[in-house]
Amino acid sequence: MHWPFDKAFRRSGPSTPDWPNVMAELAGRARHPALKDFYERGAVAGDTPIESVPLAALDFETTGLDPNRHSIVSVGIVPFDIGRIRCRGSAYWVVQPRRELSQKSVTIHHITHDEIAAAPDIGEIVEELLAAMAGRVIVVHYRLIERRFFDRMMINRFGEGLLFPVIDTMSVEARMQPLSRPGVLGRLFGRRPVSLRLADCRARYHLPTYAPHHALTDALATAELLQAQVAHHYSTDTPVRALWC
């Protein structure tokens with residue numbers, strides 16, 4: 001994977017980056033006006049209590065799992081904070097992938113060739129998407145999808161990658177489930193790994209079941225999951241640096 005700003009990222013430390021400084025440094029380098037505006041909106045300080053952090057849940061549906069070979073086909077974003085989800089500010093786009101849909105991906109996300117035929121290229125909606133993300137900490141379930149695909153898309157369209165602070169609900173859940181990766185001894189005793197799929201994580205908090213693989217529904221589901229995780233495992237004054245990466 002290519003991280004165009006990995007040098008700045010490494011300086012801040014990969015586990016708990018100093019995101020305000022990283023964003024300020026990236027703002028000084030960005031050339032695309034929308035990207036520069038996004039970085040200039042910055043990030044909250046790492047010691048900000050999670051209850052005071054503006055958040056946005058983001059989800060991509062893609063044609064596959066490899067950002068170098070596959071494309072984004074839909075985007076959902078839901079603004080929220082730890083006490084309230086603002087559905088009125090949500091947004092959803094179907095976008096045209098640069099590679100043809102496979103029957104397997106159509107079966108998963110149910111976005112058809114007819115739907116994408118009239119859809120815009122994601123480059124046409126990226127300014128609106130970055131504006132919706134600006135100033136917020138992004139919340140995803142399995143950060144490698146959204147970070148890698150977004151970074152690759154920006155490089156392909158604009159010649160510049162993208163970095164942004166993320167809270168990964170899958171990683172948060174993994175910390176709370178010590179058996180999510182049983183060791184050799186555990187496997188010898190027949191222990192199975194605890195599922196970290198979005199639906200299974202939600203079920204542990206008795207959240208309702210939603211139909212999967214719709215970008216807007218999955219973004220909403222991720223927002224609700226983080227609220228439940230904080231309510232069960234953290235306090236509302238937990239500094240955001242304990243959760244983001």
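Taking the criterion of being over 13 Å from residue 62 (Cβ atoms) and of a type in the set (A, V, I, L, M), the residues of the stretch 81-101 that qualify are 82, 85, 91.
Of the set (1) among the hydrophobic types (A, V, I, L, M, F, W, C); (2) modelled with pLDDT under 95; (3) open to solvent by less than 40 Å² (accessible area, probe 1.4 Å), all apply to residue 117 but (3). In the set (1) at pLDDT below 95; (2) within 17 Å of the chain's Cα centre (by Cα), the condition left unmet by residue 190 is number (2).
Is it the case that residue 131 is over 30 Å from residue 232 (Cα atoms) and more than 18 Å from the chain's Cα centre (by Cα)? Let's see the steps before the verdict.
Values: over 30 Å from residue 232 (Cα atoms): yes; more than 18 Å from the chain's Cα centre (by Cα): no.
In short, no.
If you go through the stretch 215-245 and keep only what is over 14 Å from the mean Cα position of the chain (by Cα) and either among the hydroxyl-bearing types (Ser, Thr, Tyr) or at pLDDT below 95 (or both), you end up with 234, 235, 236, 238. For the stretch 34-43, a residue qualifies if it is hydrophobic (A, V, I, L, M, F, W, C) and in contact with a helix residue (DSSP H, G or I) (Cβ under 6 Å, 6 or more places away or on another chain), and the qualifying residues are 34, 38, 43.
Screening the stretch 84-114 for residues that are at pLDDT 85 or above and open to solvent by 70 Å² or more (accessible area, probe 1.4 Å) and picking the one that is farthest from residue 154 (Cα to Cα) gives 84.
Give the number of residues within the stretch 128-152 that are touching a helix residue (DSSP H, G or I) at 6+ places or on another chain (Cβ under 6 Å) and under 16 Å from residue 60 (Cα atoms).
Step one: filter the stretch 128-152 for residues touching a helix residue (DSSP H, G or I) at 6+ places or on another chain (Cβ under 6 Å), giving 130, 134, 139-142.
Next cut, under 16 Å from residue 60 (Cα atoms) only: 130, 139-142.
Count: 5.
Remark: pairs (first residue in the stretch 197-210, open to solvent by 70 Å² or more (accessible area, probe 1.4 Å); second residue part of a helix (DSSP H, G or I); Cβ separation under 7 Å; 6+ apart in sequence or on different chains) = 209/199; 210/217; 210/221. Quick check on the stretch 126-143. Is at least one of its residues at pLDDT 95 or above, among the β-branched types (Val, Ile, Thr), assigned to a helix (DSSP H, G or I) and open to solvent by 10 Å² or more (accessible area, probe 1.4 Å)? Looking for residues that are at pLDDT 95 or above, among the β-branched types (Val, Ile, Thr), assigned to a helix (DSSP H, G or I) and open to solvent by 10 Å² or more (accessible area, probe 1.4 Å), one finds none in the stretch 126-143, hence no.
Restricting to the stretch 144-161, count the residues that are assigned to a loop (DSSP other than H, G, I, E, B) and open to solvent by 20 Å² or more (accessible area, probe 1.4 Å). Explain how you work it out, then say what you get.
Filtering the stretch 144-161 down to residues assigned to a loop (DSSP other than H, G, I, E, B) leaves 159-161.
Then drop every residue that is not open to solvent by 20 Å² or more (accessible area, probe 1.4 Å), which leaves 159.
Qualifying residue count, the stretch 144-161: 1.
Residue-wise test of (1) more than 20 Å from residue 227 (Cα to Cα); (2) open to solvent by 30 Å² or more (accessible area, probe 1.4 Å); (3) touching a Pro at 6+ places or on another chain (Cβ under 6 Å).
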{"site": "38", "(1), (2), (3)": "yes, no, no"}
{"site": "47", "(1), (2), (3)": "no, yes, yes"}
{"site": "50", "(1), (2), (3)": "no, no, no"}
{"site": "53", "(1), (2), (3)": "no, no, no"}
{"site": "79", "(1), (2), (3)": "no, no, no"}
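Each row is one residue, and each column tells you yes or no for (1) within 26 Å of residue 98 (Cβ to Cβ); (2) modelled with pLDDT under 95; (3) out of contact with any strand residue (DSSP E or B) (no Cβ under 9 Å at 6 or more places or on another chain); (4) among the aliphatic types (A, V, I, L, M).
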| position | (1), (2), (3), (4) |
| --- | --- |
| 27 | no, no, yes, yes |
| 40 | no, no, yes, no |
| 48 | no, no, no, no |
| 52 | no, no, yes, no |
| 66 | yes, yes, yes, no |
| 81 | no, no, no, no |
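The values are calculated or read from the model by the stated rules, or taken from the named source; none is laboratory data. Remember, predicted model here, so these are calculated numbers, not experimental data. Here Cβ is always computed from backbone atoms with ideal geometry, including for glycine, and neighbour counts include all displayed protein chains. In case anyone asks, the SASA skips ligands and DNA or RNA and just uses the protein heavy atoms, side chains included. Shrake-Rupley method; radii C 1.70, N 1.55, O 1.52, S 1.80 Å.
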